[in-house]
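This report refers to the structure that appears directly beneath it.
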Amino acid sequence: MSESPTRLVTAVILVAAGSGQRLGYGMPKAAVPLGGEPILIHALRGIVASGVASQVCVALPADDRGLRELCDDFRGELADGGPLLTIVDGGATRADSVRAGISALMDGIEAVLVHDAARALTPESVFHRVSDALAAGAAAVIPALPVVDTVKTVAATTGEDAAFAPEVVTGTARRQELRAVQTPQGFRIGALLQAHQAAQSLDQQQSAAVTDDAMLVEMLGTPVHAVRGSTQSLKITTPLDLIFAEGLLEGPLGARWVEG
């Protein structure tokens, strides 16, 4: 077997500034309890356990003292010399939060993984696959899974058709070519900086259409490579997602070890 290439000096920007309104807890999503501990703590432990990060930069809701205290307490778990933990105020959009994280990166960082705190149970192996692809020479890497559902494009119905249904099918995508994208998304530092600098010139409509950092890199014509994600990397957005995540934690093998 060939050895994995030496990994780059890497920072993880953990985006944890979401409001969590759809979860219905009346608190930021990162503070919502999962298995008796906040989602944020699960996400931080997963990053640290992967061993890929020299720095973890957490973007939190501005002026949220509770989440900052959680991060301060978590520093106690890093007493054995874990990664540098940096906290920044998140912005109005995901891209704003990522840019805030970029501005706080320490000198010498060669690669950045952008990760959603909502994907708190992402297995360590996913971090390794992304980091190894960057070390092998890729400029941008995303974890992804094949789409199992048939996916159709639709348009709003008009005229008499509106009485039948609100939408009409306009086409069927080739499922073999579709992937459901997850995080952490990995980038060489130069590619990520260039993408976010270019994004500053987007108008409001264009910015709203950008849903992840990989899209910004794609817009510059930089190839984005895909590695295998994990069904365990579900994004906790709704109450049902939280139930699934609780089930993973309570399963016989425990979280992060099942790669379904």
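The values are calculated or read from the model by the stated rules, or taken from the named source; none is laboratory data. Every value quoted in this text rests on a predicted model; they were computed, and no experiment measured them. Here the Cβ is made from the backbone with ideal geometry for all residues, glycine too, and neighbour counts use every protein chain on show. Heads up: the accessible areas ignore ligands, DNA and RNA and are worked out on the full protein's heavy atoms, side chains in. Shrake-Rupley method; radii C 1.70, N 1.55, O 1.52, S 1.80 Å.
Here is how the numbers come out for the structure above:
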quantity	calculated
Whole-number D in µm² s⁻¹ for segment 115-260, Kirkwood Cα-pair radius fed into Stokes-Einstein, 37 °C, 0.692 mPa s	186 µm²/s
Descending Cα extents along the principal axes, segment 29-101, whole Å	34, 28, 18
Other-chain or far-sequence residues with amide H under 5 Å of H225's (modelled H)	A140, V141, I142
Dimensionless Rg over Rh [segment 1-149; C-alpha; Kirkwood]	0.97
Acute angle (nearest 10 degrees) that the helix 124-135 long axis makes with the longest principal axis of the chain, alpha-carbon atoms	90 degrees
Longest exposed-site-free window of the chain, the sites being chymotrypsin sites (Phe, Trp or Tyr not before Pro) in a DSSP loop that have at most 14 other C-beta atoms within 10 Å	26-163
0 to 90° range, to nearest 10: angle between helix 65-74 axis and the chain longest Cα axis	50 degrees
Over segment 187-249, equivalent-ellipsoid semi-axes from the Cα gyration tensor in Å	30, 16, 9
For segment 147-230: span of alpha carbons on each principal axis (Å, largest first)	52, 33, 19
Relative frequency of Cα-Cα separations exceeding 25 Å in the chain, percent	47 percent
Karplus-derived 3J(HN,Hα), 6.51/-1.76/1.60, for each residue of segment 195-207, Hz, glycine and proline x	5, 6, 5, 5, 5, 5, 8, 6, 7, 4, 5, 5, 4
Carbon plus sulfur fraction of accessible area for segment 58-131, probe 1.4 Å, in percent	47 percent
Radius of gyration and Dmax over the Cα atoms of segment 137-186, both given in Å	16.6, 55
Cα Rg over Rh - segment 71-119, Kirkwood	0.98
Accessible solvent surface per residue of segment 93-213, calculated while the other protein chains remain in place, 1.4 angstrom probe, Å²	51 Å²
Tail fraction, Cα-Cα pairs, segment 104-201, threshold 18 Å, whole percent	64 percent
Projected area averaged over orientations for segment 52-92, convex hull of C-alpha atoms, nm²	3.1 nm²
Extreme residue, positive dipole direction of segment 112-218, given options A198, T211, L113 (C-beta unit charges)	L113
Size of charge dipole - segment 145-260 - debye, nearest 20, with Cβ of Lys, Arg +1 and Asp, Glu -1, no other charges	460 debye
